[in-house]
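Presented below is the structure to which this report refers.
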Amino acid sequence: MKLRRILEDIGLHLSFKKTKITNINTSKTLFLGTYISRSKVRSFSKVPSTSYMKRNPKRLRFEAPLRRVRAKLTEAAFIKHNKSYPKFIWMSMTHRQILDRYMATLRGILNYYSFVHNYGTLAATTE
């Protein structure tokens, strides 16, 4: 409630339906279609001109929600029974046009999630 008053003072509105306050160190949160969490691995680096090691902060981790992407592809009839499914509405098109449509969809997904840590898994599951 205190945060809500502060935001209203500067002319902003806090939506309780869309707002989630979470501890990023213990759980992941979905933001703009991407899971954001904190890495579980801690790294160390040597401090220059000393024999000391410095503990680096845990880095942010971004992941594509694979189940959600698969559900959207199923909803759009690209997948049926966990296998790729033909778009019969495109039957009147040439082979090249059909491939262009499929590849445009694939490129769109892979470009949107180009920065995630599980990109290889995403690329393998969407092919």
The list (i) 2, 11, 24, 26, 21, 12, 3, 0; (ii) 2, 8, 12, 13, 12, 11, 11, 9, 8, 6, 4, 2, 1, 0, 0; (iii) 2, 10, 16, 15, 9, 7, 9, 12, 12, 7, 2, 0 gives values of P(r) over Cα pairs in 5 Å bins from 0, in percent, and only one came from this structure; which label was calculated from it?
(ii)
Based on the Cβ-Cβ distance of residue 42 and residue 110, what FRET efficiency does E = 1/(1 + (r/R0)^6) give at R0 = 41 Å, to the nearest 0.05?
0.85
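Based on DSSP H runs of at least 4 residues, each adding -39500 (n - 2.57), what is the mean residue ellipticity at 222 nm of the chain after dividing by all its residues, to the nearest 500 deg cm²/dmol?
Numbers: 4 runs with 44 residues, N = 127.
Per the formula, -10500 deg cm²/dmol.
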Just want to confirm a number: the relative contact order over the chain, from Cα pairs under 8 angstrom separated by 6+ residues, in percent.
17 percent
With Cβ to Cβ distances under 14 Å as the rule, what net charge do the other residues near residue 100 carry (K, R +1; D, E -1)?
+4
If I fit a long axis through the Cα atoms of helix 95-112 and take the longest principal axis of the Cα atoms of the chain, what angle between them do I get, 0 to 90°, rounded to 10?
10 degrees
Sort the stretch 54-117 into rounded, prolate or oblate with this rule: let a ≥ b ≥ c be the square roots of the eigenvalues of the Cα gyration tensor; rounded if a/c is under 1.5, and if a/c is not under 1.5, prolate when a/b is larger than b/c, oblate otherwise.
prolate
Treating cross-link reach as a plain straight distance, find the lysines whose alpha-carbon is under 20 Å from the alpha-carbon of residue 83, omitting any fewer than eight places away in the same chain.
72
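FYI, it's all coordinate maths here, none of it is from the lab. Bear in mind that the values here come from a model prediction, so they are computed numbers and not experimental data. Glycine also receives a Cβ, built like all others from the backbone with ideal geometry; neighbour counts cover every protein chain displayed.
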